[in-house]
Amino acid sequence: MRRVLAALGFFLICLCCSIGCTSGDNCSSGNHCECSGGDQCFLGCDGDGCDQSCHNMGTLCGTTCGDDCRSQCHDVGTTCSQSCGSRCGLECSHVPTCGVLCGDNCLLKCHDTSACSAQVGPNSEVTCTSVDTCRVKCTGSCIVHCADTGCNITCGETAPATECEHGRYACGGC
Amino acid sequence: MVAPASSFRVFFRRALLTLACFVLIGSASRRAHAQSSIRVPGQRPGYSFELEPHVLFTPFEAPDNPSGDGYGLGVRGTLELLPEGFIPKLNDSVGLGFGLDWIHYDGLRGRGYCQGWAYSPATPGYPDGVPVCVETSAHSSSYVFVPVVMQWNFWLHRNWSVFGEPGLALSHRSGGDFGVSPVFAAGGRFHFNDSVALTLRLGYPSFSLGVSFLF
């Protein structure tokens, strides 16, 4: 009987500990915030400097953030959505469509997707690798690395970017 | 960032539950040894139906969206099906439990649903541009669960019994969809007398603390 009660007690203590030790996801400035599993999830950030990760979702994954954020989105059924302010580092991969909006000094990596659609601010750099359609609109000077076919880089609404060398496009001078 | 009041509430709930666990364990360890009834089949309160209103708490996410923890109210009814249980030499019994639980999830700040969209440049398949979320919102939600479980009881002592409960629950989010969730729990009762017991249940989708009335 003692053994039964001891085993029961141990089980309950473990369960209680697991309750007390559960850590919350803290989508606030400077913290890591993650969402995975389920059908769709959208991560926000209370302030700037969030480190966001949204992945392995059935349909949609999205991250929104202020400035100085990092965001990863991958392995999603339909679309990854990423929006960010200034000085952000974004990565989107292994999803049919990436949709990205970010401000100045944005560093974006799109890879292993069917379509990557991005609008980036001045002094940004975009890299498309293993992407069928890489559509980038730069609202200021930018560099876009796109060695695949299907590169569509514009400066502003319609002006085509300059192809500085094979696979390297620029707005505002090479 | 989680608000201080919310953090305190979560901490308080967890502390209360942990305290309840230790009180149950401590009391069981001290008293149960001398008057064990686990090897005496039939030595337990006689009843055919258990009615158990309870309060609920869950540290788990809602079934289909990131929600944070939740709390609520519910009731469980259990019909005794096998008074002698599955193991002849043990004082066990088996019942069929069904219930109705309402759980409210506050939602997580920074995780939830999109409430503002903009569009990145058009691509094949998205002639108007790819929709990009630019504003998110925490999303509170309420669920109703209708669990149906097998309750396997072990009558350890005059004052103590424990049980395991595997089963399924139909779930419904207010204003949303229906779904089916697994249910599994381990629980214990402290019997004040042959008719009334304090019942704690730990498991998924929620924990409960209630009072059982045995009829």
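Scan segment B:158-165 and give yes if some residue there is open to solvent by 10 Å² or more (accessible area, probe 1.4 Å), of a type outside the set (Ser, Thr, Tyr) and under 29 Å from A:GLN52 (Cα atoms), otherwise no. No.
Does A:CYS41 meet the test of being modelled with pLDDT of 50 or more, among the hydrophobic types (A, V, I, L, M, F, W, C), open to solvent by less than 30 Å² (accessible area, probe 1.4 Å) and out of contact with any Asp or Glu (no Cβ under 7 Å at 6 or more places or on another chain)? Here the answer is yes, as A:CYS41 does meet what is asked. Residues of segment A:47-83 that are hydroxyl-bearing (Ser, Thr, Tyr) and either part of a strand (DSSP E or B) or out of contact with any strand residue (DSSP E or B) (no Cβ under 9 Å at 6 or more places or on another chain) (or both): A:SER53, A:THR63, A:THR64, A:SER71, A:THR79, A:SER81, A:SER83. For segment A:141-174, residues that are open to solvent by 50 Å² or more (accessible area, probe 1.4 Å) and not in a loop (DSSP other than H, G, I, E, B) total 7. Filtered by the rule that a residue be part of a strand (DSSP E or B) and in contact (Cβ under 8 Å) with a residue 24 or more places away in the chain, segment B:190-201 gives B:PHE190, B:HIS191, B:ALA197, B:THR199, B:LEU200, B:ARG201. Restricting attention to segment B:126-152, the residues that are surrounded by 19 or more Cβ atoms within 10 Å (Cβ to Cβ) and β-branched (Val, Ile, Thr) total 4.
Could you tell me which of the residues B:PHE213, B:PHE178 is over 12 Å from the mean Cα position of the chain (by Cα), touching a residue at least 60 places away in the same chain (Cβ under 8 Å) and surrounded by fewer than 22 Cβ atoms within 10 Å (Cβ to Cβ)? Just one listed residue meets the conditions, B:PHE213. Only one of the listed residues (B:VAL132, B:VAL55, B:VAL149) is in a strand (DSSP E or B) and within 30 Å of B:GLN43 (Cβ to Cβ). That residue is B:VAL149. For the residues B:GLY77, B:GLY72, B:GLY46, the requirement of being away from chain A (no Cβ under 14 Å), within 12 Å of the chain's Cα centre (by Cα) and at pLDDT 80 or above singles out B:GLY72.
Hey, does segment B:94-109 have a residue that's within 14 Å of chain A (Cβ to nearest Cβ), touching a residue at least 12 places away in the same chain (Cβ under 8 Å), in a strand (DSSP E or B) and open to solvent by 10 Å² or more (accessible area, probe 1.4 Å)? Checking segment B:94-109: at least one residue is within 14 Å of chain A (Cβ to nearest Cβ), touching a residue at least 12 places away in the same chain (Cβ under 8 Å), in a strand (DSSP E or B) and open to solvent by 10 Å² or more (accessible area, probe 1.4 Å).
The values are calculated or read from the model by the stated rules, or taken from the named source; none is laboratory data. Not measured: the values here are computed from a predicted model. Backbone-built Cβ (ideal geometry, glycine too); neighbour counts: all protein chains shown. Just so you know, the surface numbers come from the protein's heavy atoms only, side chains and all, with ligands and any DNA or RNA stripped out. Shrake-Rupley method; radii C 1.70, N 1.55, O 1.52, S 1.80 Å.
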